[in-house]
1. (1) in a helix (DSSP H, G or I); (2) surrounded by 21 or more Cβ atoms within 10 Å (Cβ to Cβ); (3) at pLDDT 85 or above: which one isn't true of residue 299, the others all being true?
2. Condition first: surrounded by fewer than 18 Cβ atoms within 10 Å (Cβ to Cβ) and in contact with a helix residue (DSSP H, G or I) (Cβ under 7 Å, 6 or more places away or on another chain). Now tell me which residues in region 64-110 satisfy that.
3. Taking the condition of being surrounded by 15 or more Cβ atoms within 10 Å (Cβ to Cβ) and at pLDDT below 75, how many residues in region 26-35 meet it?
4. Within 30 Å of residue 236 (Cβ to Cβ) and at pLDDT 80 or above, is that true of residue 86?
5. Only residues that are closer than 11 Å to residue 246 by Cα, in a loop (DSSP other than H, G, I, E, B) and more than 29 Å from the chain's Cα centre (by Cα): list them for region 382-406, please.
6. Can you name every residue in region 169-188 that is surrounded by fewer than 24 Cβ atoms within 10 Å (Cβ to Cβ) and within 17 Å of residue 205 (Cα to Cα)?
7. Condition first: under 27 Å from residue 180 (Cβ atoms), at pLDDT 80 or above and not in a helix (DSSP H, G or I). Can you find one or more residues in region 38-56 that meet it?
8. Would you mind telling me which numbered condition in (1) buried (at least 21 other Cβ atoms within 10 Å of the Cβ); (2) more than 30 Å from residue 248 (Cα to Cα) residue 199 fails?
């Protein structure tokens, strides 16, 4: 009896060993993308094994292959020995960029999205919204709908003032899509409504008043005392223009010099005619302007090509010209690349925090200055960020600013100039 028990026990052990030896391993490898990992599995030798179908937010799974070269597609296996299978994936559309290729912010954003996508195996697509009008946001909505149908999970919109109404609507209609609005905040009415930024949206704002202030300050610091500025009627350019006035007068006070400024704001015009722009540029130059500051790149072309011979210098803010023209003293650009990169990194890391507005920074080209430099820029910037200088953004705050530096408000500056409610005819004469 004892021998029988030993024999049975021995047989069970052999059976157990035999069963253990019947397991084979399936190893899954994904060569191209480090963020896709699939654990190996053990299956019974000789049994059919249905291979897993893999879902991933940013990739399309195209199957398992026997070779690294993806030649033989395998759907199920009956294994006699261990095997390694190679998963083939292609990036799915992750990012959509909506914008106007003619906009001076566009190239910097596309360049950063492209750089990030190449480095991180993301797929992006560009949608042209050059026909978008801030009064008619439906063009943007059509592009948003197209991007979502194409599979985009994140939609970046350049030239925010043109897209603020569309994003206001889209962020409510598509709560699972993440929106990034560059340069403005979502509003029911682009000009009059309070911003509403939901949890699936991040908006970015840039210190246009800082850009203007530094332009005015640097111009006077560089020795120019007869200035002009030409701006269109948008809140960004108004803030930029008020900042320019404040910076110029602040520098004049610090350096104990007199400064003359010729101003023009194209009231209620986003795209004034060539004739109108040329007229005002010529007028400022005829009045002795040595330097013109503008919020619009197009003013450079107008002055360069249509205004009579002049040695006038220009500061463009934001500016995209890099042709080395001697007439350009400096370009003041929004630091779009840093902002966009940080948003992309947080989004794909799963730490995207919507419902907020990010404040960006500016970059300045110092190469053509003789006296103004990065050290002086940082000195003034530190005074601003430290609260010693408070840059105005409208007439009331401009008056307060002038009082703090003990200067009279020039007679040509009034609330009428520094708002955006009057028509172009009001400023002719």
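The values are calculated or read from the model by the stated rules, or taken from the named source; none is laboratory data. Since we're looking at a predicted model, the values are computed, not measured. So basically every Cβ, Gly included, is an ideal-geometry build from the backbone, and we count neighbours across all protein chains shown.
1. Only one criterion in (1) in a helix (DSSP H, G or I); (2) surrounded by 21 or more Cβ atoms within 10 Å (Cβ to Cβ); (3) at pLDDT 85 or above is unmet by residue 299, namely (3).
2. Scanning region 64-110 gives a single hit, 100.
3. So the answer is 1.
4. When the stated conditions are applied, residue 86 does not pass them.
5. Residue satisfying the conditions is 405 alone.
6. Answer for region 169-188, where residues must be surrounded by fewer than 24 Cβ atoms within 10 Å (Cβ to Cβ) and within 17 Å of residue 205 (Cα to Cα): 185, 187.
7. no
8. Of (1) buried (at least 21 other Cβ atoms within 10 Å of the Cβ); (2) more than 30 Å from residue 248 (Cα to Cα), only one is false for residue 199: (1).
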